[in-house]
Amino acid sequence: MEGGTILLVEDNPDDVELTVRAFKKNNITNQVIVAKDGVEALDYLHGKGMYAGRDAKELPVVVMLDLKLPKIDGMEVLRNIRQDELTRLVPVVILTSSAEQNDVVEGYKLGANSYIRKPVDFEQFSEAVRVLGLYWTLWNQPPPFLNR
């Protein structure tokens, strides 16, 4: 599969490895940028910090966002994405281990496109990532300015 970048916002190296491995296993070849905390995610999206000079108009096709992040938590990252004119329409999938009802409700209130609870089993996780990857990188029709 070709196309835009996937921004994976995840601080757990094991979950990063599982996600990237699941993408590869399922032939999802989009470039995956990993942000290890909320600050790094926002820096990537806005072309600041370690991503200074990156064209902030080249947006990811999807942001896969964990909630429990260092520095700035996932809800605040989502809030920032939705408040910014440039990033407000970027699809955001919350991919988290949290099953807290409040997190689900708050995520949707802030504009998440989807809320997925991470399966514990690798095969289930791989299947969830495969479906997510196919949907957001191949089947979903993004707003015209997000097209590559």
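Laboratory data are not the source of any read-out in this text; all were calculated from the coordinates shown. Just so we're clear, the structure is a prediction, and the values are computed from it rather than from any experiment. Cβ atoms come from the backbone with ideal geometry, glycine included; neighbour counts cover every protein chain shown.
Which of K57/K118; K48/K71; K71/K109 have a Cα-Cα distance over 19 Å?
In this structure, K57/K118; K71/K109 lie more than 19 Å apart at Cα.
Let's see if you can work this out: charge +1 on each Lys and Arg Cβ, -1 on each Asp and Glu Cβ, no other charges. What is the dipole magnitude of the chain about its Cα centre, in debye to the nearest 20?
For the chain, the charge dipole is close to 400 debye.
If each of Q101 and L86 carries a label point 7 Å out from its Cα toward its Cβ, how far apart are those two points in nm?
Going by the 7 Å Cα→Cβ label model, 4.0 nm.
If the chain between Q124 and K109 were fully stretched, how many nm would it gain, using 0.36 nm times the residue separation less the Cα-Cα distance?
2.7 nm
Identify, among Y115, L18, V32, the residue whose Cα sits farthest towards the positive end of the charge dipole of the chain, taking +1 on the Cβ of Lys and Arg and -1 on the Cβ of Asp and Glu, with the dipole about the Cα centre.
V32
Please give the peptides 134-140, 74-80 ranked by average Cβ packing (other Cβ atoms within 10 Å per residue), highest first, as a rough proxy for protection.
Put in order of decreasing packing, that is 74-80, 134-140.
Please rank M50, M64, fewest neighbouring Cβ atoms within 10 Å first, as an exposure proxy. Each step should come with its number before you reach the end.
Working: M50 11, M64 25.
Least crowded to most crowded, the residues run M50, M64.
As a test, work out the antiparallel percent of DSSP beta bridges whose residues both lie in the chain, rounded to the nearest 5.
DSSP beta bridges in the chain are roughly 0 percent antiparallel.
Here are labelled values, (i) 10.1; (ii) 9.2; (iii) 8.1, and one is the computed mean projected area of the Cα convex hull in nm² for what I pasted. Which one?
Given (i) 10.1; (ii) 9.2; (iii) 8.1, the structure-derived one carries the label (iii).
Pull out the extension gain between A56 and K71, defined as 0.36 nm times the separation in residues minus the alpha carbon to alpha carbon distance; nm, one decimal. Present the calculation step by step, with values, prior to reporting the outcome.
Values: separation 15, 0.36 × 15 = 5.40 nm, distance 2.14 nm.
Residue separation times 0.36 nm, minus the Cα-Cα distance, leaves 3.3 nm.
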